[in-house]
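*Asks:* Let me begin by handing over the structure; questions about it come next.
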Amino acid sequence: MVTGASVGIGRATALCFAEKGADLVLVDINAQALFAVCEEAKKFGVKALAFECDVTDEEKVNEVVAKANEELGKIDILVNNAALWRDRSRFEESSTQLWKRYFDVNVIGLYLCTRAVIGGMLERAYGRIINVASVAGVYGNAKMVHYSATKGAVIAMTTALAKEVTDRGVLVNCVSPGSVSPSNEEDMDYSKPSELSFMGRTGTDRENANLILFLASDDASYIAGQNIQIDGCRKKM
Ligand SMILES: NC(=O)c1ccc[n+]([C@@H]2O[C@H](COP(=O)([O-])OP(=O)(O)OC[C@H]3O[C@@H](n4cnc5c(N)ncnc54)[C@H](O)[C@@H]3O)[C@@H](O)[C@H]2O)c1
């Protein structure tokens, strides 16, 4: 199950999972783009379900997970990718409404999706949860204090939850991208020059998807409770 699967890292992750033969549950509020990704994924011969769903809507999230379990039997992997990040407000100009909305989507939404799937994972003693945080949650980004706070929370949720469930077979990890250039429909490897990394370029959607895929795989069977930065060696400004 991948949230925020319509575009960017979420879309790339969905398609990379499909390429490896995983059935998919795709969630997003952007229905049109989501259904297109779903059709794209099916070309790899996997089952793919797409649900227009706001991750902050508790009832809907539970409904989606119930329907997905009915159709696919179980959910083994959850990628909590949906988030808001584009607003750049100076701290003194930011509003309570903005802070609440960011926490609602980026933190509570992630909580709701995780809670909806984790019961089944614990019952089967198998699960992989990968949260998408950000370098903003580690170093903090100016004019994104609200966003940085939510991603710091996601990193803390990852390590704390891992301590509760690792010994029961559910491995929870986090990836923290630096700057990522959005791909278009043809090119998930799109990158452009960036002064924010020592590699001198942004990361691509596919590079992020590859890391998520690795953490979801059995090759990552001894990794839990980690936040892995994928940032081309970030300049910590
Ligand atoms: N792009 C970057 O430079 C960058 C850097 C660091 C971290 N990240 C993180 O990576 C993740 C993906 O970012 P991106 O830039 O690839 O994608 P994006 O921000 O372009 O898209 C996010 C997706 O989430 C969906 N979404 C937003 N609110 C939702 C909600 N309430 N319910 C369901 N879906 C919702 C959107 O419709 C969209 O499809 C996010 O968690 C973001 O914080 C991105």
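*Asks:* I'd like the full set of residues that are closer than 22 Å to Asn69 by Cβ and not hydrophobic (A, V, I, L, M, F, W, C), limited to the stretch 19-37.
*Replies:* Answer for the stretch 19-37, where residues must be closer than 22 Å to Asn69 by Cβ and not hydrophobic (A, V, I, L, M, F, W, C): Lys20, Gly21, Asp23, Asp28.
*Asks:* Can you tell me which residues in the stretch 157-169 are surrounded by 15 or more Cβ atoms within 10 Å (Cβ to Cβ) and not polar (S, T, N, Q)?
*Replies:* Met157, Leu161, Ala162, Val165
*Asks:* Go through the stretch 1-87 and tell me which strands (runs of 3 or more DSSP E), entirely inside it, have 2 or more residues that are more than 15 Å from the chain's Cα centre (by Cα).
*Replies:* The qualifying strands (runs of 3 or more DSSP E) are 48-52.
*Asks:* Quickly run through the stretch 147-205 and pick out the residues that are closer than 15 Å to Val107 by Cα and among the aromatic types (Phe, Trp, Tyr).
*Replies:* Within the stretch 147-205, Tyr147 is the sole residue that qualifies.
*Asks:* To continue, here is another question. Tell me, yes or no, whether the stretch 81-91 has at least one residue that is among the aromatic types (Phe, Trp, Tyr) and farther than 26 Å from Val145 by Cα.
*Replies:* Scanning the stretch 81-91, I find no residue that is among the aromatic types (Phe, Trp, Tyr) and farther than 26 Å from Val145 by Cα, so the answer is no.
*Asks:* Give the residue, chosen from Val172, Val138, that is in contact (Cβ under 8 Å) with a residue 24 or more places away in the chain and buried (at least 23 other Cβ atoms within 10 Å of the Cβ).
*Replies:* Answer to the check: Val172.
*Asks:* Restricting to the stretch 183-224, and then to whatever is touching a Cys at 6+ places or on another chain (Cβ under 9 Å) and part of a loop (DSSP other than H, G, I, E, B), can you tell me which residue is surrounded by the most Cβ atoms within 10 Å (Cβ to Cβ)?
*Replies:* Met188
*Asks:* Quick one: in the stretch 72-86, of everything that is farther than 22 Å from Val170 by Cα and in contact (Cβ under 8 Å) with a residue 12 or more places away in the chain, which residue is farthest from the ligand (Cβ to nearest atom)?
*Replies:* Leu84
*Asks:* Further, regarding this structure: Before we move on, is Val27 touching a Cys at 6+ places or on another chain (Cβ under 6 Å), at negative phi and in contact (Cβ under 8 Å) with a residue 60 or more places away in the chain?
*Replies:* yes
*Asks:* May I pose another question? Take Gly120 and tell me if it is under 18 Å from the mean Cα position of the chain (by Cα) and either within 24 Å of Arg206 (Cα to Cα) or surrounded by fewer than 22 Cβ atoms within 10 Å (Cβ to Cβ) (or both).
*Replies:* Considered against the rule, which asks whether it is under 18 Å from the mean Cα position of the chain (by Cα) and either within 24 Å of Arg206 (Cα to Cα) or surrounded by fewer than 22 Cβ atoms within 10 Å (Cβ to Cβ) (or both), Gly120 comes out as no.
Read-outs throughout are calculated quantities, based only on the coordinates presented, and are distinct from any laboratory measurement. Computed from a prediction, not measured in an experiment: that's the story for all the values here. In this analysis, Cβ positions are derived from the backbone assuming ideal geometry, glycine residues included, and neighbour counts consider all displayed protein chains.
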